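Accompanying notes for the structure given below.
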Amino acid sequence: MSTPDFIDRFLRQEVESASPAKLHLLLLQRAHGLSVHIADLWRKNEVDASIQWIILVRDILAELIAGIVDPKHPLAKQQSDLYIFLSALLATAEQDKNIAAIDDLREILEIEMTSWEMLVKREGMSQVPPIVVNSLDSATSFDFSA
């Protein structure tokens, strides 16, 4: 098995076993990493190479907005407003190839990631460990003599 296959399997397992909060965090982390990459490409004047990554960040932000499923939740409007703002910031950055705007996007994503990391950590701490059931009841006996 090659290293990329191992990484792909690991990432697939990570996503398939993740809670909704963890999936949200993974999307934020990906958008953050891509915003760093876009800024680096723009600093190198490789604007054309950044287009595919801008589209992916836009798709991630759209997915985060779509993931807000309970519009009556007290934080839902704030959350959706934040992601709409980030989408507008990305559009402004893209239009002007504005590195400062991409850096602002990255910084806001870092703050958002910190919040979601704390939630995922709290979520992990609140999980009850599984109950281990002894499958051998006392009436069962085994004879291991030869």
Q: Look at V120 and say whether it is assigned to a loop (DSSP other than H, G, I, E, B) and either under 15 Å from the mean Cα position of the chain (by Cα) or at pLDDT below 95 (or both).
A: no
Q. With respect to L109, is the statement that it is in a helix (DSSP H, G or I) and under 16 Å from V36 (Cβ atoms) true?
A. yes
Q. Among the helices (runs of 4 or more DSSP H) contained in the stretch 1-85, which hold 1 or more residues that are modelled with pLDDT of 85 or more, of a type in the set (K, R) and closer than 20 Å to M113 by Cα?
A. 20-43, 47-66
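The values are calculated or read from the model by the stated rules, or taken from the named source; none is laboratory data. All values derive from a computational prediction rather than experimental measurement. Positions of Cβ are backbone-derived with ideal geometry, glycine not excepted, and every protein chain shown enters the neighbour counts.
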